[in-house]
1. Please specify each residue of the range 18-51 satisfying the condition of being under 18 Å from Thr61 (Cβ atoms) and either assigned to a loop (DSSP other than H, G, I, E, B) or touching a His at 6+ places or on another chain (Cβ under 9 Å) (or both).
2. Within the range 11-22, work out how many residues are surrounded by fewer than 18 Cβ atoms within 10 Å (Cβ to Cβ) and closer than 15 Å to Glu54 by Cα.
3. Filter the range 1-17 for residues that are assigned to a helix (DSSP H, G or I) and among the aliphatic types (A, V, I, L, M); which is farthest from Ser43 (Cα to Cα)?
4. Within the range 38-56, which residues are surrounded by 14 or more Cβ atoms within 10 Å (Cβ to Cβ) and under 18 Å from Glu10 (Cβ atoms)?
5. Are there any pairs, at least 6 apart or on different chains, whose C-beta atoms fall under 7 Å, with the first in the range 35-54 and closer than 10 Å to Val19 by Cβ and modelled with pLDDT of 90 or more and the second outside any loop (DSSP other than H, G, I, E, B) and among the small types (Gly, Ala, Ser), and if so, which?
Amino acid sequence: MTVTGAQLQEFLAGLDYPVSREDLVRWGQENGASTEALQALRSLPAEEFHSSTELGEAIVTLAGA
């Protein structure tokens, strides 16, 4: 099973920004994210995201890779 960008964005809705990649992974672990989702979060290109738009763009880029 692969994780889509839309699934990640839905899962991460409601976060407070800025948020670090480490915080995203922790959020995923605490909220039952799949192994694939956690791997995708660890693969995000930036160390920190300042808005949902910025995070969404990184997820779309990752999903398209």
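The values are calculated or read from the model by the stated rules, or taken from the named source; none is laboratory data. None of these values were measured; they are calculated from a predicted model. Because the Cβ atoms are built from the backbone with ideal geometry, glycine has one as well, and the counts that use them run over all protein chains shown.
1. Listed by number, the residues that qualify are Val19, Ser43, Leu44, Pro45, Ala46, Glu47, His50, Ser51.
2. 7
3. Ala6
4. Matches in the range 38-56: Leu38, Ala40, Leu41, Leu44, Phe49, Ser52, Glu54, Leu55, Gly56.
5. Pairs that qualify, where the first residue is closer than 10 Å to Val19 by Cβ and modelled with pLDDT of 90 or more and the partner is outside any loop (DSSP other than H, G, I, E, B) and among the small types (Gly, Ala, Ser), are Glu48/Ser20; Phe49/Ala58.
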